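Below: one structure, written as C-alpha cells.
The values are calculated or read from the model by the stated rules, or taken from the named source; none is laboratory data. Because the structure is predicted, anything quoted here is derived from the model rather than measured. For neighbour counting, all protein chains shown are included, and Cβ atoms are generated from backbone atoms with ideal geometry for every residue, glycine included. Side chains included, ligands, DNA and RNA excluded: accessible areas come from the protein's heavy atoms. Shrake-Rupley method; radii C 1.70, N 1.55, O 1.52, S 1.80 Å.
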Amino acid sequence: MSDTAKRHIFSMLDTDGDGVISHGEYLARVDRAAAATGRDPLDPLVEAAREAHREVFGQMDADGDGRVTLDEYRGWAGHDAFEQSCRPALGSLFDLADADGDGRLTRQEFTRLRAATGNTADGAVAAFTVLDADGDGLVDRGAYLAAIHDYLTTGTSPMADAYRRVEPAAR
C-alpha cells in the first residue's frame, strides 16, 4: 500500500485529528453508520459490526495501549490485514446500509454509508457512479469491497479516483 493511501485512511479514521485513533473513535464508525442507516443500536447487524471493528482495532493496536498511531497503522495495513479483518468489518458496514439485505446498495444507501464513514455526499455520488458499471442503480457488495481493497493495497482504484476528482483537498 502506498504511504499516501495509508496516511489518507489514517486521517479519515482519526476523526478528532489528534494523531491517534482511539478505540472509541474507531468504534464510533459503526454507531455513525447505524444511525445514518436507521438501525437500532441493539440490532444484531450492528452488534456484528461492532465485533468486527473490535477485532480490527485489536490488530491495529500493536502495543495494546488503546491508541493506534500512524506507525502502528502503517505496520498493520496491507493485503493480509484487509483479507483477515478489514473485509469482514467493511462488509459489516455495507450490511448495515443494505436495507433489504440483497447484497446491493442503492445510490441513497451508498451515499448514507459513505457520508457516515467520512466522505462527502458529492464524493459518494461520484464513487457510486463509477461502481455502478452496468447502470442498474445498484452497487454490489463484491464490487464495493474490491474497490476498497484495491485502494488499500495499491493506493488507487476507480472509486478512489472518483473521490479524488470531487474531494481533491481530502485526497
Legend entry - Gained length - residue 107 relative to residue 154, 0.36 nm times residue gap less alpha-carbon distance: 14.3 nm
Legend entry - Solvent-accessible surface (1.4 angstrom probe) belonging to residue 47, in square angstrom, nearest 10: 70
Legend entry - Using θ = phi - 60° and Karplus 6.51 cos²θ - 1.76 cosθ + 1.60, couplings along the stretch 20-27 (whole Hz; Gly, Pro as x): 9, 9, 7, 4, x, 4, 5, 5
Legend entry - Portion, in percent, of the accessible area of the stretch 7-119 that falls on carbon or sulfur, probe 1.4 Å: 51
Legend entry - From the C-alpha gyration tensor of the chain, square roots of 5λ in Å: 23, 19, 14
Legend entry - Distance in nm between pseudo-label sites at residue 136 and residue 83 (7 Å out along the Cβ direction from Cα): 2.8
Legend entry - Expected 222 nm ellipticity per residue - DSSP helices of 4 or more, -39500 (n - 2.57), all of the chain, to 500: -18500 deg cm²/dmol
Inset, instruction - Please give the contour-minus-distance gain from residue 42 to residue 15: 0.36 nm per residue of separation, less the Cα-Cα distance, rounded to one decimal in nm. - result: 7.3 nm
Inset, instruction - Report the net charge of residues surrounding residue 37, where surrounding means a beta-carbon distance below 13 angstrom and charges are Lys +1, Arg +1, Asp -1, Glu -1. - result: -2
Legend entry - Per-residue HN-Hα couplings for the stretch 152-160 [Karplus 6.51, -1.76, 1.60; θ = phi - 60°; Hz; x = Gly/Pro]: 5, 9, 10, x, 8, 5, x, 5, 5
Legend entry - Heavy-atom accessible area per residue - the stretch 24-171, 1.4 Å, Å²: 45
